[in-house]
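Note sheet for the following structure.
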Number of protein chains: 2
Amino acid sequence: MRLNDLLNQTSEWLKATGTESEIVMSSRVRFARNIKGLAFSHWADEKQKKEILTKTKQALLKNKYLNNSLFLVMDELNDLDKQFLVERHLISRELTADGGCKAVDVSEKELFSIMINEEDHLRLQVMRSGLELKESLRLLDKLDSELRRNFDYACNSKWGYLTACPTNVGTGMRASVMIHLPALVMTKRIGKVLESIGRINLAVRGLYGEGTEASGNFFQISNQITLGHSEQELVDDIDRVIKQVVEYEKGARELLLKNSRHQLEDEIWRAYGILTNARIVSSLEAIGLLSAIRLGVNLSIINKVDIKSINELFITTQPAHLQKIEGKDLNPQERDLKRGDLLRDKLK
Amino acid sequence: MRLNDLLNQTSEWLKATGTESEIVMSSRVRFARNIKGLAFSHWADEKQKKEILTKTKQALLKNKYLNNSLFLVMDELNDLDKQFLVERHLISRELTADGGCKAVDVSEKELFSIMINEEDHLRLQVMRSGLELKESLRLLDKLDSELRRNFDYACNSKWGYLTACPTNVGTGMRASVMIHLPALVMTKRIGKVLESIGRINLAVRGLYGEGTEASGNFFQISNQITLGHSEQELVDDIDRVIKQVVEYEKGARELLLKNSRHQLEDEIWRAYGILTNARIVSSLEAIGLLSAIRLGVNLSIINKVDIKSINELFITTQPAHLQKIEGKDLNPQERDLKRGDLLRDKLK
């Protein structure tokens, strides 16, 4: 597989196939892992980092779950390709920094991605469409078990897995879902919901992780605690909470349909009218209007486009994707025009 | 002809057929006339007003230019029908006030309308599509000549026609054009243009005359002076000025196409996208967006609708028209919904 092949496929997590996929865009589980006897990436010198890269690469290449994967050494990529991988949620922003023998291995269909020399030696990630945390955990466990045949992980019986940052010690696991809550936002109930999520030690972030705004009414909800519970228990907890949030969102949608149907339809159809006609569209405007259209499709108000296509547009209208699709660098003005073209083309 | 027949026809002045009709929506000429020996309407008592009404009605009914006309006594109309006539520019707001033996006679195709017992005994009006002031004057002269066979007008050799308000003394004529200047507004040149128009004693008003805002980038330009020049001279003056303003507008359109084509197209297509999809549309929003679409059609950016249909929508989306079309009273919320329906239906 080559990097540009990604352009022609829909990431597994965007396919709108899993449980509650109308509201839950995707589920993600990642494990932080470090190899016993090697310094954490942050403290390792270039020689040690090189050794980490070599060892992990060998192990990844022979892992049966990563057949025909895309192995990319970050320093060999240009900025556009790095940004492209961030937009697809395959790597973190941290992995785009120069130096440090960083790499990523992306499995076919983008189900798994494994970052090397990010904060930890290995960050194993799996992403699925819909609310599929348990299935995600099961898949990542398999990948992890296969990998550990190649080296011992740094761990001890008291703390569990040892990680570069103490917040990950224990299971080393972060489980998160990307959830679409437009009706809770419209009915102004979102504040209370997020507040109660915070109280039970779950973190809420935006579309692109830590430090990003919750644009397009998308919220990333993940566990904060990694210690003192098994992976299964942590995932079960989040799963239960998310199911509750899904019910709140469904309730808010029913309320809107009952009390403000005209206003709701107006907002949704205006979003559709603008994106199927505008010539200049900013990234932020696109996300906001796509969110309204996504709700409209879920509520059968609009039936001219499917959820999978809309899910994809959240990603393909991002700056690096537009430039990869066009095959050349574009300045912000050119991107806004190209974004308009793409949206009209895909939504009509 | 009956009042409701008007609903099924396009007013002559909206047909987009005359000179420069892309930019000049319509031309209007009106004569203020009073019958010799009868008190001005303002000072007349009910008996005198009744006499004015009877005399003028007799004369109008046998006027060959008003065959099969629609003669309406204002006190016999409900508020909705009165407002409907105002929206069609067939009567002034002043004519809708209760009492005073007011009436209007509307000719077939709404070419002529004659108000009785407004400020003057008679207000004769002709409206044509495009820049057709000279032709309008010619037509109104014919109607006026035919009418004066029935009574002597109040006039003297020094002042000319005597009118209730001194600003109309002399010719008693007001000639005006409704002109669409979106490009001069967009390029922020409109201020200077209006300023120079004011300096040569022409008045500028909005879509619905004195005291109304210039919404939808429409401006009504008319003569202020009625005295000391012949009707022909006054009309020639305005005609010359309007031709100049039309050239300015054309220049501004070329400039926009040359320097800001993408922004222009974006604004026009967004307007089209919203009006072909929105469910709730206010009167003010409709006028603003129709203005952008009208420009788009003139510049061949949009070819899905013709200028005549857009011209009509400026009128048919007004409150009384919506209620007449629907055949019942509608509250403001219901009107905004109905307006959305009508716009989607006519623009798609």
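The table for this structure:
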{"quantity": "Helix-only [θ]222 nm of chain B, DSSP H runs n ≥ 4, -39500 (n - 2.57) each, per residue, nearest 500", "calculated": "-13500 deg cm²/dmol"}
{"quantity": "Relative contact order of segment A:1-160, defined on C-alpha pairs under 8 angstrom at six or more residues apart (%)", "calculated": "38 percent"}
{"quantity": "A versus B: buried accessible surface, summed, Å² (probe 1.4 Å, to nearest 100)", "calculated": "1500 Å²"}
{"quantity": "Relative contact order, percent, chain B [alpha-carbon distance under 8 Å, six or more residues apart]", "calculated": "20 percent"}
{"quantity": "Rule-of-thumb Rg ratio for segment A:1-133 [Cα; 2.2 N^0.38 Å; N residues]", "calculated": "1.06"}
{"quantity": "P(r) weight above 20 Å for segment B:260-347, C-alpha pairs, percent", "calculated": "30 percent"}
{"quantity": "For segment A:55-102, Kirkwood radius (reciprocal of mean inverse C-alpha pair distance, Å)", "calculated": "11.8 Å"}
{"quantity": "Trypsin sites (Lys or Arg not before Pro) restricted to segment A:294-343 and DSSP loop, no more than 15 other C-beta within 10 Å", "calculated": "A:Lys304, A:Lys328"}
{"quantity": "Other-copy label distances relative to A:His229, 7 angstrom Cα-Cβ extension, nm", "calculated": "8.6"}
{"quantity": "Solvent exposure of chain B as accessible area per residue, Å², 1.4 Å probe", "calculated": "43 Å²"}
{"quantity": "Out-of-range pairs (alpha-carbon distance over 32 Å; input A:Lys142/A:Lys250; B:Lys36/B:Lys243; B:Lys102/B:Lys142; B:Lys15/B:Lys50; B:Lys15/B:Lys158)", "calculated": "A:Lys142/A:Lys250; B:Lys36/B:Lys243; B:Lys15/B:Lys50; B:Lys15/B:Lys158"}
{"quantity": "Diffusion coefficient, µm² s⁻¹, Stokes-Einstein with Kirkwood Rh over alpha-carbon pairs of the protein assembly as shown at 20 °C and 1.002 mPa s", "calculated": "71 µm²/s"}
{"quantity": "Percent carbon-and-sulfur accessible area, segment A:260-347, ignoring ligands, DNA and RNA, probe 1.4 Å", "calculated": "44 percent"}
{"quantity": "Exercise: per-residue mean of other protein chain Cβ atoms within 10 Å, B:263-271", "calculated": "5"}
{"quantity": "Protection-proxy order for peptides A:175-185, B:16-26, A:275-285, each taking the mean of Cβ atoms within 10 Å per residue, highest first", "calculated": "A:175-185, B:16-26, A:275-285"}
{"quantity": "Dimensionless Rg ratio for segment B:1-68, taking C-alpha atoms and the 2.2 N^0.38 Å reference", "calculated": "1.57"}
{"quantity": "Loop chymotrypsin sites (Phe, Trp or Tyr not before Pro), segment A:133-178, which have at most 15 other Cβ atoms in a 10 Å radius of their Cβ (DSSP)", "calculated": "A:Trp159"}
{"quantity": "Convex hull per residue volume in Å³, alpha carbons only, for chain A", "calculated": "123 Å³"}
{"quantity": "Kirkwood hydrodynamic radius over Cα pairs of segment A:130-237, then Stokes diffusion coefficient at 20 °C and 1.002 mPa s, in µm²/s", "calculated": "138 µm²/s"}
{"quantity": "Closest-to-axis residue of chain B (Cβ criterion, axis taking B to A), whole Å", "calculated": "B:Gly273, 2"}
{"quantity": "Label geometry 7 Å along the beta-carbon vector: A:Ser309 inter-copy distances in nm", "calculated": "2.4"}
{"quantity": "Sparsely packed chymotrypsin sites (Phe, Trp or Tyr not before Pro) within segment B:2-107, loop by DSSP, other Cβ within 10 Å at most 12", "calculated": "B:Trp43"}
{"quantity": "For B:Arg138, inter-copy label distances in nm, listed shortest first [label point 7 Å out on the Cα-Cβ vector]", "calculated": "8.8"}
{"quantity": "Zone of A:Lys62's modelled label, taken as backbone nitrogen in segment A:146-165 under 14 Å from a point 7 Å along Cα→Cβ", "calculated": "A:146-152"}
{"quantity": "20 °C / 1.002 mPa s Stokes-Einstein diffusion coefficient of segment A:190-345, Kirkwood radius on C-alpha pairs, µm²/s", "calculated": "122 µm²/s"}
{"quantity": "10 Å Cβ neighbours from other chains, averaged over peptide A:277-286", "calculated": "4"}
{"quantity": "Proximal aspartates and glutamates to B:Lys188, defined as alpha-carbon separation beneath 12 angstrom and excluding residues fewer than eight positions away on the same chain", "calculated": "B:Glu249"}
{"quantity": "Cα-based reach from A:Lys82 at 16 Å (exclusive), listing aspartates and glutamates while leaving out same-chain residues under 8 positions away", "calculated": "A:Asp5, A:Glu94, A:Asp98, A:Asp105, A:Glu110, A:Glu118, A:Asp329"}
{"quantity": "Point-to-point label distance, B:Glu247-B:His262, nm (Cα→Cβ direction, 7 Å offset)", "calculated": "3.4 nm"}
{"quantity": "Gain upon complete extension [B:Asp79, B:Lys134; 0.36 nm per residue less C-alpha separation]", "calculated": "16.3 nm"}
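The values are calculated or read from the model by the stated rules, or taken from the named source; none is laboratory data. Here the structure is a predicted model, which means the values were calculated and not measured. Backbone-built Cβ (ideal geometry, glycine too); neighbour counts: all protein chains shown. Accessible surface is based on the protein model in full, side chains and every heavy atom, while ligands, DNA and RNA are left aside. Shrake-Rupley method; radii C 1.70, N 1.55, O 1.52, S 1.80 Å.
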